[in-house]
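**Student:** Below is one structure. I have some questions about it.
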Amino acid sequence: MSNLLDDLNKKQKIAAQTLKGAVLVLAGAGSGKTRTLTYRTANLIANGVSPKNILTVTFTNRAADDMKAKISKLVGSEIIDEMNLGTFHSICLKILRNNLKKVNRSEGCLIYDTTDSNAIIEDIIFEFGLEETEYDPKIVFNIISKAKMELVLPAELTEKYAQLNNQGSEHFYQIVSRIYQEYERVLANNNCFDFNDLIKKTIELLESDQDILNKYQDQFQYIQVDEYQDVNHSQYHLISLLAEPQKNIFVVGDDWQGIYGFRGADISNILDFEHDYPEAEVIKLERNYRSSNNIISASNQLINNNSQNKVKEAWTEADDGAPIFVARAESPLVEAKYICKRINHLVDFYHYKLSDIAILCRSHFQSMQLQNQLPKFRIPHQLVGGVSFFDRQEIRYFVNYLKLLVNPNDRLALKRLFRIEVHGVGEILLSEINKYARENKMKITDVFESPTVVKGIGNNKAANIIEFQRRVIDSIFDLREEKMPMHKKAIELYERVDFDQNVLAELDDPEGRKKYMNMFLEDMADFQKNNPGRGLYDYLLINKLIADKDITEDNQEKVKVMTAHSAKGLEFPVVFIIGAEEEVFPHLKSLEEKAAGLNPYAVEEERRLFYVAMTRAEKLLFISFSKQKLSNEQGQYKQIIPSRFLYELPETRLDFTGVESKKGGSGIQMRKNVEVI
């Protein structure tokens, strides 16, 4: 193993050789943190640590898969299966599945995503007789999600979040507390978790049962956490619990790249690591292997404007390379044409491939002009972070049938099927059916057998409900008892409910959607082939946990268009950052939060995001903004202020260009070395 560690630089080697105690590795962009983490894992195993005693936590499945592939090359693929390596959610799910009864769930328990949770909260607000204008389901769900991440119970909600001496605020949170309490009851009744439950319930399990806590503390004797700057309160609490009593905790992160505060990430967890573990060893990986010196030096100067920083200095042995190209365009349309022209020039004359190029924006709406112009310049592109395969309408519809096959208590799936399949019965009558079932202690499917007992349901509506019960619900329950491979059972269900005729035919482009359904069924068959012994339950759970993966991943020669958040962890030879404007990047919300005193560090997170965007570039970095934009439908223009971040870059490493439309034509003209900012 000592020969293997010779592949590492001095600081990386120190990190990989430090196997005991608390360790904080501050790893700058492009400094080889994944390499260091994988070599350390191999070194632990080489020093006699059982793979079963190592817990390695990542934030994305992409990162977990990458790490598994790299570790397997060092120690062999057979060892990977023994390791506990995955995302926080996947690790917690494994613990919960082994202890379902202790967390008030049973076998067949599934996971609700954000769409599912919002649907439940909408139903609760409706049943409580509340107005959605006052209690917006999305806002209520965000409050509940925040509470779960911060381990706040329904009874504690008002005290924790309501404004002091504000009766309106207190009343609002008292009602939200009731919704939260009912939401928890519905989740348990439906035998489901939401995503935040996976961590919250695991913590509750560990804190309520000392024997189980001791078991997992003894199992996870060496804990490694990637991207520690992105840890939220519940994740921090979980890791702190498991790290006791050995305190063999190895965390890797970069405070300069903490960009998920809006999701609950707390940058103070990495900033205060040495306070939590006074004996911690701190190792800095500062050498950048990715970018040119101009990009490194400029991004260093940018990020040093933040006050919430650990002291470090990224450096590289690479040459200065090209300057950073900063362009002020006449308008968003001219900006889009400028970028397209630059791309074609890079491909035609400098031999870059389209797949070498990424266009980064603060929010997807900014890229609309670009998406219109790229095809006109014959530049194929891929919008990263669009609709996922598993979020397609037809896939989500069919998954509801499969959910009931696995979990007959999933009332949300049942309600969705009812809404899809039964015509002429609206929300009010469906609520009355639910109410009748609850008051008479009946299953809702029993009411479907004789629906006229519910006031307002006549013979015609009853006939539709009974037909739904016979064709759909009875088919699902009959198939639950039949023994056949998972994918064949899904195909059988597809045919029995006549999904083509009863669902796809009612949607636009049924033939196109049928192709995606075939891909979905093929994916199920591939899953069963590659995972013998695992069934539909596992398939549905795994697909809930792989939101950052997609079976239709596009690897063709295309320019990537994505948000700066989506680009985290990626690198490209050429990067364009568009819309470098005040109120865009930094985002207006961050400016408002800082001005109102709600978050004095809001703009600092925006600066970190701009830093992340800059450091995705290996060789060439282009930053652009518009001089003016249309402000209303009357054709009036608004003057744009360049992003403050541009003024924080060293002018000696920048190259300025002004871009205007050609008079009397659709082309553009560029003027070098003009005063841009």
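**Student:** Tell me, which residue of region 450-473 that is loosely packed, with under 14 Cβ neighbours inside 10 Å and among the charged types (D, E, K, R) is nearest to Gly535 (Cα to Cα)?
**Tutor:** Taking the candidates together, the pick is Arg470.
**Student:** Considering only residues that are free of Cβ contacts under 8 Å to residues at least 12 places away in the same chain and part of a helix (DSSP H, G or I), which ones fall in region 274-283?
**Tutor:** Of region 274-283, the ones free of Cβ contacts under 8 Å to residues at least 12 places away in the same chain are 275, 278.
Within region 274-283, His275 is the sole residue that qualifies.
**Student:** A further question on this structure: Considering Ala595, Ala580, Ala602, Ala617, which residue is among the small types (Gly, Ala, Ser) and farther than 23 Å from Asp255 by Cα? I'd like the intermediate steps shown before the answer.
**Tutor:** Details: Ala580 fails: farther than 23 Å from Asp255 by Cα; Ala602 fails: farther than 23 Å from Asp255 by Cα; Ala617 fails: farther than 23 Å from Asp255 by Cα.
Answer to the check: Ala595.
**Student:** Please list, ordered by residue number, the strands (runs of 3 or more DSSP E) wholly in region 555-634 having 2 or more residues that are under 22 Å from the mean Cα position of the chain (by Cα), over 19 Å from Gln301 (Cβ atoms) and touching a residue at least 24 places away in the same chain (Cβ under 8 Å).
**Tutor:** 559-563
**Student:** Report, by residue number, each residue of region 579-625 that is among the β-branched types (Val, Ile, Thr) and open to solvent by 10 Å² or more (accessible area, probe 1.4 Å). Lay out the reasoning, then the answer.
**Tutor:** Pass one, region 579-625, residues among the β-branched types (Val, Ile, Thr): 584, 603, 612, 615, 623.
The one that is among the β-branched types (Val, Ile, Thr) and open to solvent by 10 Å² or more (accessible area, probe 1.4 Å): Val584.
**Student:** Determine which member of the set Asp508, Asp500 is within 21 Å of Arg419 (Cβ to Cβ), open to solvent by 40 Å² or more (accessible area, probe 1.4 Å) and touching a Lys or Arg at 6+ places or on another chain (Cβ under 8 Å). Before the answer, list the steps.
**Tutor:** Values: Asp508 fails: touching a Lys or Arg at 6+ places or on another chain (Cβ under 8 Å).
Every option except Asp500 fails the conditions.
**Student:** Any residue in region 284-311 that is over 16 Å from Met614 (Cβ atoms) and not assigned by the TED database to the domain that holds Val251 sitting within a Cβ distance under 6 Å of a residue that is of a type in the set (Ser, Thr, Tyr) and open to solvent by 10 Å² or more (accessible area, probe 1.4 Å)? List the pairs, counting only those 6 or more apart or interchain.
**Tutor:** Once the first residue is over 16 Å from Met614 (Cβ atoms) and not assigned by the TED database to the domain that holds Val251 and sits in region 284-311, its partners that are of a type in the set (Ser, Thr, Tyr) and open to solvent by 10 Å² or more (accessible area, probe 1.4 Å) give Gln308/Tyr601.
**Student:** Inspect region 144-157 for any residue being within 25 Å of Asn434 (Cβ to Cβ), surrounded by 14 or more Cβ atoms within 10 Å (Cβ to Cβ) and aliphatic (A, V, I, L, M) and give the result as yes or no.
**Tutor:** yes
**Student:** Are there any pairs, at least 6 apart or on different chains, whose C-beta atoms fall under 8 Å, with the first in region 225-240 and more than 20 Å from Lys33 (Cα to Cα) and part of a loop (DSSP other than H, G, I, E, B) and the second open to solvent by 10 Å² or more (accessible area, probe 1.4 Å) and modelled with pLDDT of 95 or more, and if so, which?
**Tutor:** none
**Student:** Before we move on, is Phe448 within 30 Å of Asp356 (Cβ to Cβ), free of Cβ contacts under 8 Å to residues at least 60 places away in the same chain and of a type in the set (A, V, I, L, M, F, W, C)?
**Tutor:** No.
**Student:** Would you list the strands (runs of 3 or more DSSP E) that sit entirely within region 300-396 and hold 3 or more residues that are open to solvent by less than 30 Å² (accessible area, probe 1.4 Å)?
**Tutor:** Numbers: elements: 324-329, 357-361, 381-383.
Answer list for region 300-396: 324-329, 357-361.
**Student:** Starting from residues that are assigned to a loop (DSSP other than H, G, I, E, B) and either free of Cβ contacts under 8 Å to residues at least 12 places away in the same chain or within 18 Å of Asn300 (Cα to Cα) (or both), keep the ones in region 247-273 and report whichever is most open to solvent (accessible area, probe 1.4 Å). Break it down into steps so the answer makes sense when it comes.
**Tutor:** Of region 247-273, the ones assigned to a loop (DSSP other than H, G, I, E, B) are 247-248, 254, 258-260, 264, 266-267, 272.
Next, only the ones that are either free of Cβ contacts under 8 Å to residues at least 12 places away in the same chain or within 18 Å of Asn300 (Cα to Cα) (or both) stay: 254, 258-259, 272.
On the way: Asp254: 4, Gly258: 4, Ile259: 1, Asp272: 71 Å².
Result: Asp272.
**Student:** Out of the strands (runs of 3 or more DSSP E) lying entirely within region 1-101, which hold 2 or more residues that are of a type in the set (Lys, Arg) and out of contact with any Phe, Trp or Tyr (no Cβ under 7 Å at 6 or more places or on another chain)?
**Tutor:** Details: elements: 23-27, 54-58, 84-87.
Strands (runs of 3 or more DSSP E) meeting the threshold: none at all.
**Student:** Something else about it: Would you pick out the residues in region 129-157 that are on the phi > 0 side of the Ramachandran plot and modelled with pLDDT of 95 or more?
**Tutor:** Going through region 129-157, the residues on the phi > 0 side of the Ramachandran plot turn out to be 129, 151.
Selection gives Leu151 alone.
**Student:** Here is a further query. Hey, any hits in region 151-173 for a residue that's touching a residue at least 40 places away in the same chain (Cβ under 8 Å) and not in a loop (DSSP other than H, G, I, E, B)?
**Tutor:** Going through region 151-173, the residues touching a residue at least 40 places away in the same chain (Cβ under 8 Å) turn out to be 151.
From the residues that got through so far, the ones that are not in a loop (DSSP other than H, G, I, E, B) too are none.
The answer is no, given that none of the residues of region 151-173 is touching a residue at least 40 places away in the same chain (Cβ under 8 Å) and not in a loop (DSSP other than H, G, I, E, B).
**Student:** Here is a further query. Out of all the residues in region 176-187, which are open to solvent by 30 Å² or more (accessible area, probe 1.4 Å) and not polar (S, T, N, Q)? Outline the logic, then answer.
**Tutor:** Filtering region 176-187 for residues open to solvent by 30 Å² or more (accessible area, probe 1.4 Å) gives 178, 181-182, 184-185.
Arg178, Glu182, Glu184, Arg185, listed by residue number.
The values are calculated or read from the model by the stated rules, or taken from the named source; none is laboratory data. Computed from a prediction, not measured in an experiment: that's the story for all the values here. Heads up, the Cβs are rebuilt from the backbone with ideal geometry, glycines too, and the neighbour counts pull from every protein chain shown. When the accessible area is computed, the model is the full protein with side chains, heavy atoms only, and any ligands, DNA or RNA have been set aside. Shrake-Rupley method; radii C 1.70, N 1.55, O 1.52, S 1.80 Å.
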